[in-house]
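Following: one structure in structure tokens, then a few remarks.
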Amino acid sequence: MRVDASGASASHYAPDMAERLLERDLTATSFDPLAASADLPIRARIVVIGAGIIGSSVAYHLAALGQEVLVLERSSVASGTSWHAAGLVVRGRSSHVFTELAAYGVSRYASLGAETGVDVNLVQCGSLTLARTPGRLDELRYFAGVCRHHDIPNEVVVAQRVAELFPLATAEGLVGALHQPDDGHVNPGLAALAFATGAHRAGAVFREGVTVSGIRTDDGGRVVGVQTDRGVVECERVVLAGGLWTRDLAAACGASVPLWPAAHVHVQTVPIAGAEPDLPVLRDLDASFYARHFDGRLLVGAFEPDGHPIDPTSLPAGFAFGELEPDWPHFGPVRALAEERIPALRGVEWARFLNAPESFTPDANFCIGETAEVDGLFVAAGFNSQGIIYAPGAGRAVAEWIVEGSPTVDVSDVDVQRFHRQQSNRRYLHARTVEGLGRLYAMHWPHLQPRTARNLRRTPLHDRLLAAGACFGELVGYERANWYAPPGAKPEYEYSYGRQNWFEHAAAEHRAAREEVALFDLSTFTKAEVVGRDALHVIQRVATQNLDVAVGRVVYTLFLNSAGGIELDGTIARLAEDRFLVVTPTGLHTKTFAILRRAAAGTSASVFDTSAGLATIGVMGPRSRELLQTICRDDLSADALPWGRTRELEIGNTFSRCLRVSFVGELGYELYPSADLAVDLYDTVVAAAQELGIGLHHAGYHALDSLRCEKGYRHVGHDIGPTDNPDQAALGFTVALDKPGGFTGRDALAAARERPLDRRQVFVCLTDPEPLLLHGESILLDGTIVGRITSGAYGHTIGGACGLGYIGGDVPAGESFVVDCAGRLVPAVVSDTPFYDPGNRRLRS
């Protein structure tokens, strides 16, 4: 069978897809199957492993940038996951970066056929996303706001419109829907082939039937080649785009890529009346299914809440176009809901049941970028059944990252280094993937926490916090106290897009930090020590600040990439002439050690991970000094231990490192006892507060977030990221541009300072005390979108929702702004200085 380049009747998931793709019609494409099986080159600058739609897109974009690319595929183009995808494409997503990536995909698919001669069968029939509950409708309204920001056509419609737009569906039980007219679907196998064809035309070399068995590295941990069943290929960069096999191939060379396969099902009816090509793609998220037209039939797919994880080692050798056995009983509950929504499905004959594996990640976002452990090893995998949507955008992002040396889009949410190594554990992944499949269609509540694979990483204080009423959230496998339930209240989330059940409890924690004293368990912070003769040299290379300071100084600094973008922030304490303590956010553990390890390579400095060995107890608030002085033999006065200093204290029964810093904007102390003494120090602090009559409150990360938003402190991944430079982020004060030896990103930042700022970070507060800020909301001035919110919380001290955001570099701050809060335009004040204690008087007291 030939590939039908016209696409009129080509099945996108026919059983003989392997045959169809191997018998490529050379009159329709320029991809040469004979060349694809020719001798294996002995070297290439970049090797891409995997020729599914992701690997083919990466190769396409690399070749377009003039790179020498070799693509190795153990089966054939479009094998693995690509051939059996449902082919759905969208323009708008729930976040700005995902929207940019997805929208580029639709545009690229629209031009790919004319460019390559392979018609990808793009049909822009639109999509219709249904809401069965008020909460889901709230989610869709926020979704629509992101679409408006990017000028993507959309409309939140009343329930009655559903049957008009999708005549086979009933509107019974619905409260509304979101219509997006530019969405649709493509033929996924042909889309992969089109990218491969375009890449081939631009000079990329493809070799099918080649199995890669390992990645070769030099003594410094840098990629130098790949081992295959047909010999070694020398190279400088490798891109792992092997789908569900990526984790094990990465692990074989010491790299962590946490993804795991699960069975994904979609079924196809026989031809039925009313299944017309112009039917929009229907997504009934609360019922866990989607439906689309296909050749006079309906294709129905499921993202059920309890998925079936699959151990990849259980799949037979050569599982390239393979399928799993049909599982009608497991599909039954979703099928019943689909029949309820689309009555035409009741009693219909099903022509096809496709059950095949796709790979999922612990947080349901895909993985791209350079691995932390192996230099030159890049990843593009784990697309959570959204590979067709994101293949063009992700392929371009990876290609530009390789060529430019740093990200060209904000990849914070998809950077493979966002995970901790523990999250690559097979048992953990198997447990998490039970819910991973369904998370795509589950409610995306603010502060939503996973339910599976919990209670694995716990701080030394975990049991004490549990007894104090902590409600725990999870980050990179760590259990962290997000808020505390008072006596009589359950420490369990009740989710909504409004004020959730913890709102008033976190408000009390917030007020305690502002008015008396609050205790935070910050033990999940990333903590590294850089030690040795070249320790200062290593620190100076990565930090924007000048760290050649007196012993005992603590300095807030940034770490940049080569383009001047912010990779992470943190505090660095100089403990001795040749010893530094680096403290960075919990979620940046992997990235922190990747940066420090690379900077220390070949020097007389060592990098040690002290994250688990040291607890961190934050004692914050105007009475924190009074409290701690009762159990500390050392002088804690502002003269003896001023802000921005560190020293070892004899406190309680411990000797504990103390950093006089605060992420809440008040007088405060971070205590770093060894993990074995953390509980004793905690007990001593709590007992001292009781004896002194101080109202000590336990406080969680929700309170920490509201406190830092009032103070204007940044959150890496939301407010600052790899495409934001320090000046755009209003953090120019952290940059010592003229320090000896410079730092990574110094030259790029200096060049950027020769140009006007295109955007700048500002502080935003709603004037109406009732609405909330989440993140991603548009900022408008005189009816024009001029920026967006990057993070938000409720400012219990200033009496309204507040946050940070970016506006145009030449847009003046003022009181005439509005913020688009899910379609409601709320007046707001935009300021170039924080709303709370901008002079740091309280912090330094």
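The values are calculated or read from the model by the stated rules, or taken from the named source; none is laboratory data. In this text the structure is predicted, and so the values were computed from the model without any measurement. Don't worry about glycine lacking a Cβ; one is built from the backbone with ideal geometry, like all the others, and counts go over all protein chains shown. Side chains are part of the model used for accessible areas, which takes the heavy atoms of the whole protein and leaves out ligands, DNA and RNA. Shrake-Rupley method; radii C 1.70, N 1.55, O 1.52, S 1.80 Å.
So which of 383, 353 is part of a strand (DSSP E or B) and at pLDDT 95 or above? So that I can check it myself, show each step before the final result.
Values: 383 fails: part of a strand (DSSP E or B).
Of 383, 353, the one residue that is part of a strand (DSSP E or B) and at pLDDT 95 or above is 353.
Residues in the range 204-227 that are over 21 Å from residue 424 (Cβ atoms), among the β-branched types (Val, Ile, Thr) and open to solvent by 10 Å² or more (accessible area, probe 1.4 Å): 205, 211, 224. I'd like the full set of residues that are farther than 25 Å from residue 702 by Cβ, open to solvent by less than 40 Å² (accessible area, probe 1.4 Å), in a strand (DSSP E or B) and of a type in the set (Val, Ile, Thr), limited to the range 767-816. Correct list: 786, 807. Here residue 619 meets each of (1) open to solvent by less than 60 Å² (accessible area, probe 1.4 Å); (2) assigned to a loop (DSSP other than H, G, I, E, B) with one exception, condition (2). Scanning the range 629-676 for residues that are assigned to a helix (DSSP H, G or I) and open to solvent by 60 Å² or more (accessible area, probe 1.4 Å) turns up 629, 676.
Can we say residue 239 is touching a Gly at 6+ places or on another chain (Cβ under 8 Å), more than 19 Å from residue 359 (Cβ to Cβ), open to solvent by less than 10 Å² (accessible area, probe 1.4 Å) and part of a strand (DSSP E or B)? Let's see the steps before the verdict.
Numbers: touching a Gly at 6+ places or on another chain (Cβ under 8 Å): yes; more than 19 Å from residue 359 (Cβ to Cβ): no; open to solvent by less than 10 Å² (accessible area, probe 1.4 Å): yes; part of a strand (DSSP E or B): yes.
Against the criterion (touching a Gly at 6+ places or on another chain (Cβ under 8 Å), more than 19 Å from residue 359 (Cβ to Cβ), open to solvent by less than 10 Å² (accessible area, probe 1.4 Å) and part of a strand (DSSP E or B)), residue 239 does not qualify.
Restrict the check to the range 112-126 and report whether at least one residue is without any contact (Cβ under 8 Å) to a residue 40 or more places away in the chain and either in contact with a Cys (Cβ under 7 Å, 6 or more places away or on another chain) or open to solvent by 40 Å² or more (accessible area, probe 1.4 Å) (or both). There is at least one residue in the range 112-126 that is without any contact (Cβ under 8 Å) to a residue 40 or more places away in the chain and either in contact with a Cys (Cβ under 7 Å, 6 or more places away or on another chain) or open to solvent by 40 Å² or more (accessible area, probe 1.4 Å) (or both).
Among what's in the range 446-475 and is open to solvent by less than 60 Å² (accessible area, probe 1.4 Å) and within 17 Å of the chain's Cα centre (by Cα), pick the residue that is farthest from residue 612 (Cα to Cα).
As a first pass, look at the range 446-475 and keep what is open to solvent by less than 60 Å² (accessible area, probe 1.4 Å): 446, 448-450, 452-454, 457, 459-462, 465, 468-474.
Of the ones still in play, those that are also within 17 Å of the chain's Cα centre (by Cα) are 446, 448-450, 473-474.
Working: 446: 29, 448: 26, 449: 23, 450: 23, 473: 18, 474: 16 Å.
Ranking the candidates gives 446 first.
The requirement of being within 25 Å of the chain's Cα centre (by Cα), at negative phi, crowded, with 16+ Cβ neighbours inside 10 Å and acidic (Asp, Glu) is not satisfied by residue 248. For the range 326-347, taking the residues that are open to solvent by 20 Å² or more (accessible area, probe 1.4 Å) and of a type in the set (A, V, I, L, M), the one that is farthest from residue 55 (Cα to Cα) is identified as 344.
Number of residues in the range 752-766 that are farther than 22 Å from residue 499 by Cα, open to solvent by 10 Å² or more (accessible area, probe 1.4 Å) and in a strand (DSSP E or B): the value is 2. All of 143, 206 fail the test of being within 25 Å of residue 59 (Cα to Cα) and touching a Leu at 6+ places or on another chain (Cβ under 9 Å), apart from 206. Across the range 577-616, the qualifying residues are those that are of a type in the set (A, V, I, L, M) and open to solvent by 20 Å² or more (accessible area, probe 1.4 Å), and the one among them that is farthest from residue 660 (Cα to Cα) is 601. Does the range 386-401 contain at least one residue that is closer than 20 Å to residue 560 by Cα, open to solvent by 10 Å² or more (accessible area, probe 1.4 Å) and in contact with a Gly (Cβ under 8 Å, 6 or more places away or on another chain)? Checking the range 386-401: at least one residue is closer than 20 Å to residue 560 by Cα, open to solvent by 10 Å² or more (accessible area, probe 1.4 Å) and in contact with a Gly (Cβ under 8 Å, 6 or more places away or on another chain). Within the set 441, 484, the sole residue that is of a type in the set (Phe, Trp, Tyr), in contact with a Ser or Thr (Cβ under 9 Å, 6 or more places away or on another chain), surrounded by 16 or more Cβ atoms within 10 Å (Cβ to Cβ) and in contact (Cβ under 8 Å) with a residue 60 or more places away in the chain turns out to be 441. Within the range 724-738, identify whether any single residue is free of Cβ contacts under 8 Å to residues at least 12 places away in the same chain and open to solvent by less than 30 Å² (accessible area, probe 1.4 Å), and answer yes or no. Yes, there is a match, as at least one residue in the range 724-738 is free of Cβ contacts under 8 Å to residues at least 12 places away in the same chain and open to solvent by less than 30 Å² (accessible area, probe 1.4 Å). Pick out the one residue from 811, 830, 826 that is β-branched (Val, Ile, Thr) and within 26 Å of residue 137 (Cβ to Cβ). Of 811, 830, 826, the one residue that is β-branched (Val, Ile, Thr) and within 26 Å of residue 137 (Cβ to Cβ) is 826.
Got a number for residues in the range 529-541 being open to solvent by 10 Å² or more (accessible area, probe 1.4 Å) and under 28 Å from the mean Cα position of the chain (by Cα)? Looking only at that region, the number is 2.
Hey, residue 78 hits all of (1) in contact with an Asp or Glu (Cβ under 8 Å, 6 or more places away or on another chain); (2) under 30 Å from residue 203 (Cβ atoms); (3) not in a helix (DSSP H, G or I) but one; which does it fall short on? Of the numbered conditions (1) in contact with an Asp or Glu (Cβ under 8 Å, 6 or more places away or on another chain); (2) under 30 Å from residue 203 (Cβ atoms); (3) not in a helix (DSSP H, G or I), the odd one out for residue 78 is (1).
Given the structure, is residue 334 within 22 Å of residue 258 (Cβ to Cβ) and either touching a residue at least 24 places away in the same chain (Cβ under 8 Å) or not in a strand (DSSP E or B) (or both)?
no
Flag set for residue 32, criterion: modelled with pLDDT under 90 and open to solvent by 10 Å² or more (accessible area, probe 1.4 Å). Checked against the criterion of being open to solvent by 20 Å² or more (accessible area, probe 1.4 Å) and of a type in the set (A, V, I, L, M), the range 503-510 contains one or more residues that satisfy it.
Could you go through the range 271-284 and let me know if any residue there is part of a strand (DSSP E or B) and within 23 Å of residue 395 (Cα to Cα). Let's see the steps before the verdict.
If we filter the range 271-284 for residues that are part of a strand (DSSP E or B), which is where we start, we get 281-284.
After this cut, where a residue has to be within 23 Å of residue 395 (Cα to Cα) as well, the list is none.
The answer is no, given that none of the residues of the range 271-284 is part of a strand (DSSP E or B) and within 23 Å of residue 395 (Cα to Cα).
Which members of the range 490-500 meet the condition of being in contact (Cβ under 8 Å) with a residue 12 or more places away in the chain, out of contact with any helix residue (DSSP H, G or I) (no Cβ under 7 Å at 6 or more places or on another chain) and either crowded, with 19+ Cβ neighbours inside 10 Å or not basic (Lys, Arg) (or both)?
Scanning the range 490-500 gives 491, 492, 493, 495, 498, 500.
May I ask you to say which residue of 167, 258 is in contact (Cβ under 8 Å) with a residue 60 or more places away in the chain, outside any strand (DSSP E or B), of a type outside the set (Lys, Arg) and open to solvent by less than 10 Å² (accessible area, probe 1.4 Å)? None of the other options fit; the residue is 258. In the range 670-685, the residues that are of a type in the set (Asp, Glu) form Cβ pairs under 9 Å with partners that are open to solvent by 30 Å² or more (accessible area, probe 1.4 Å) and part of a helix (DSSP H, G or I), at six or more places apart or across chains, as follows: 683/464. Taking first residues from the range 270-291 that are without any contact (Cβ under 8 Å) to a residue 60 or more places away in the chain and partners that are surrounded by fewer than 21 Cβ atoms within 10 Å (Cβ to Cβ) and part of a strand (DSSP E or B), the Cβ contacts under 9 Å between residues at least 6 apart in sequence or on separate chains come to 271/297; 271/351. Only one of the listed residues (141, 148, 132, 93) is in contact (Cβ under 8 Å) with a residue 40 or more places away in the chain, open to solvent by 10 Å² or more (accessible area, probe 1.4 Å) and more than 23 Å from the chain's Cα centre (by Cα). That residue is 132.
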